[in-house]
């Protein structure tokens, strides 16, 4: 076997622009902090983090594109028992489980020149100012990945990135920003973690290899052969490394990290699943059906403890999805450039409301699963919902729509609307990360810790 | 190191396992797109999820291949020997060496083969049948960096001096450029003989490759992205009350027309100027009705003359006109911007924040031209809209699903305007004629082609190469064959350089 220790050495490769890019595993934190995480510590199950016997904390980021129609989103009252505004009405069954935060801003999301959707989506979970380029990607590690690195190999799947829109139409994405910024919210350093948009593929990634009929001997043999393949693969790549220039080396390191991730997964897997995965899903065309299949998968992934970190993109930034089934046949993005036209307000509000109906379906799934200690999955989850911008016409990155559902295992006291005018979004992320046991003192452009 | 795109991956699997009908990449995460193409090396990476999917695809594809049977089966193509008892290693060596050369697009070293044979033997010793053991060996080839990436090496990685590609690297560049898949036997034979890196040989190969059905990749991948044909795969979201006739079938006809039209440039010595000026196209019954032409005699599509019909070239085809429109009204802005960016390589900057406006309402009264006058009255907008809008307004005779019309909101359409760089026209047909004659169109066609061929953005160091290619392209009467030949015989395609420090 190849030793794994060398992957964590904080090896820095110089990219063409002279920016330092770190190997994926060695990068932790946003622009403000880089912490080398000792490999073994990261990989060993750390029961202390979850607390012996206590249910694990799960993190799910639920992204919706093109901003929100804020007049119908922001509650008119604050504190406990706040009034649910129209767009949040579909979530009424979970009123006591919602924390609405108004006033947060994400300054690093402001683009260079134009390109608010791209820079906003890039900074959505990173609070980092993305490099404006078609080809030279630069971003920070996203909050979900910082938590995933903290969890390490306690779950077979370190994290999962899902979405409903893949490549989509061709053409330029946003004003000189590469499409990667528009399509990904999970980043490890400057590498986007591309999302899976096929429910059947997502099911495979979560539950493949699950063969209740296999004997222990068969499983061990299969594992040994898979590891032999990966060992050869790592050998090939390492032999190549010395012959490459700087940019190619970065590509190869990303690849090698991915091979090693699978190696860890194969090594750690083999135990029986904590729950039955159910039947593999199909590939329906209809967006609502597709979204609900993805929600079912997310609940199942948490229930079976296959992963504790999921990001979900309802659409890509500046999504042109059409909503003919709601009576709005134009592209979503087009309506959000509303020009203060009430007809467009009605369209955006209807789309936002549909989005919250899907979120309610997800929350219902999480609330319906009881864990060993009698709490529900929703009790132990942080479901974070927001968008890359505030209003689609103004393209503002301040006063963002922010909603958290769930209690994060007692971390959050929901059922409130709070206003935190001018506070960096990064402060909220820092508060969440610290509350989930990550030892870090800053994230992105944070100026302090948001008290949850 | 350029990762195979999902399309290239599936095509390569198709050719490696010829006869097996599998498309593993359909479930992969979408490739990142940059510069309008999905094959730009800088933004293509391998993530843990993608690698796991590669691993699964390799295992499942090999299992399917080895399970096939009969004369000429995929199994027979790959398992070229029967392992004699005690001599399994010899047979494994033969199989892995031959399959490995195809998969890695170059001969393997003895070490690279030997390490794999050892693993096969290990599996045999553990009780595997030969099939299971050789599957493991094949599997290591398909998840290797040498398969998943197109590897090009520099003798001195830090030296910025250009050096020729090896013949195998050149064969690979050539075949992924024109076919979006691995080199075939003839290209590999030429590489073996070190005969590929020669202008006459390259010219002959381009000609041969264009006649092969794999050249269809130029339609799907190159034109599909450059000319937005791929956008016709997605629901255009037209307003069904305004356009009750617009359905999936009509949209498919539009796409078929565009593809058949582009294909003529592959199969015929036709100037690419005719992309925008052609006096012929392809219609089926639905499109014929859409265009006001007589329905073809047989079922299906037929090549028809556009004589007497106000349409010329792709800018007047229903597909692109529909893509570059809103749900119920046209978008001269989208149309003008597209012509500037894709056909003239003159991208205007986007509008200032907050001034983008929703599509003009169809009930607002007045013509589109009147609505857009506002853009150009505002000095903040005029700079760019003075370039875009006249081009788009030149196409106002074609509505949001590409039907010809004389009136907009009951008033006669004024489609006159000017092109950037001079030249005025009376209507869309005049505009496309001007566009086709301009140097911008020829130069832009070359830029797009070279970006796609190299999978990277063009730098100032490429300028002299661009000029050479444009000149050769024009000397070759601007045929697609002439364009591809000028690209692949150019130094920038046949050499590479390290990065320097």
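Bear in mind that the values in this text are calculations on the coordinates, not laboratory data. These figures come from a predicted structure and were not determined experimentally. Cβ placement follows ideal geometry from the backbone for every residue including glycine, while neighbour counts extend to all protein chains displayed.
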**OP:** Specify the inter-centroid distance of the stretch A:108-130 and the stretch B:148-181, based on alpha-carbon positions, in whole Å.
**Re:** 35 Å
Original post:
Given Cα pairs under 8 Å that are at least 6 residues apart, what percent is the relative contact order of chain B?
Top reply: 15 percent
**OP:** Could you work out how far helix B:48-67 tilts from the main Cα principal axis of chain B, as a 0 to 90 degree angle to the nearest 10?
**Re:** 60 degrees
Subject >> Distance from the stretch A:296-342 to the stretch A:214-254 (C-alpha centre basis), Å >> reply: 36 Å
**OP:** For chain B, find the longest principal axis of its Cα atoms and tell me its angle to the long axis of helix B:463-475, 0 to 90°, nearest 10.
**Re:** 70 degrees
Subject >> Diffusion constant of the stretch B:15-151 at 37 °C, which comes from Stokes-Einstein with the Kirkwood Cα-pair radius and 0.692 mPa s, µm²/s >> reply: 204 µm²/s
Original post:
Which whole-number percent is the relative contact order of the stretch B:219-317 (Cα, under 8 Å, 6+ apart)?
Top reply: 24 percent
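What percent antiparallel are the DSSP beta bridges of the protein assembly as shown, to the nearest 5?
Rounded to the nearest five, the antiparallel share is 60 percent.
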Subject >> the stretch A:370-439: relative contact order as a whole-number percent, Cα under 8 Å and 6+ apart >> reply: 26 percent
Original post:
Hey, fewest Cβ within 10 Å first, where do B:257, B:185, B:302 land in order?
Top reply: B:185, B:302, B:257
**OP:** Specify the inter-centroid distance of the stretch A:370-447 and the stretch B:247-261, based on alpha-carbon positions, in whole Å.
**Re:** 47 Å
Subject >> Helix axis angle, B:130-142 relative to chain B longest principal axis, alpha carbon, degrees >> reply: 40 degrees
Subject >> Dmax and Rg, reported as Rg then Dmax, of chain B (C-alpha, Å) >> reply: 26.1, 88
**OP:** Using the number of other C-beta atoms within 10 angstrom as an exposure proxy, rank A:203, B:473 with the fewest first.
**Re:** A:203, B:473
Subject >> Averaged over A:250-260, number of beta-carbon atoms from partner chains that fall within 10 Å >> reply: 6
**OP:** Evaluate peptide A:110-118: per residue, the Cβ atoms of other protein chains within 10 Å of its Cβ; return the mean as an integer.
**Re:** 1
Original post:
Taking every residue in A:187-197, how many Cβ atoms of other protein chains lie within 10 Å of its Cβ, on average?
Top reply: 4
Original post:
How do B:345, A:291 line up, fewest other C-beta atoms within 10 Å first?
Top reply: B:345, A:291
Subject >> Cα Rg, Dmax, the stretch A:356-452, angstrom units >> reply: 14.8, 47
**OP:** State the extension gain, in nm to one decimal, for the chain segment bounded by residue A:370 and residue A:285, taking 0.36 nm per residue of separation less the distance between their alpha-carbons.
**Re:** 27.5 nm
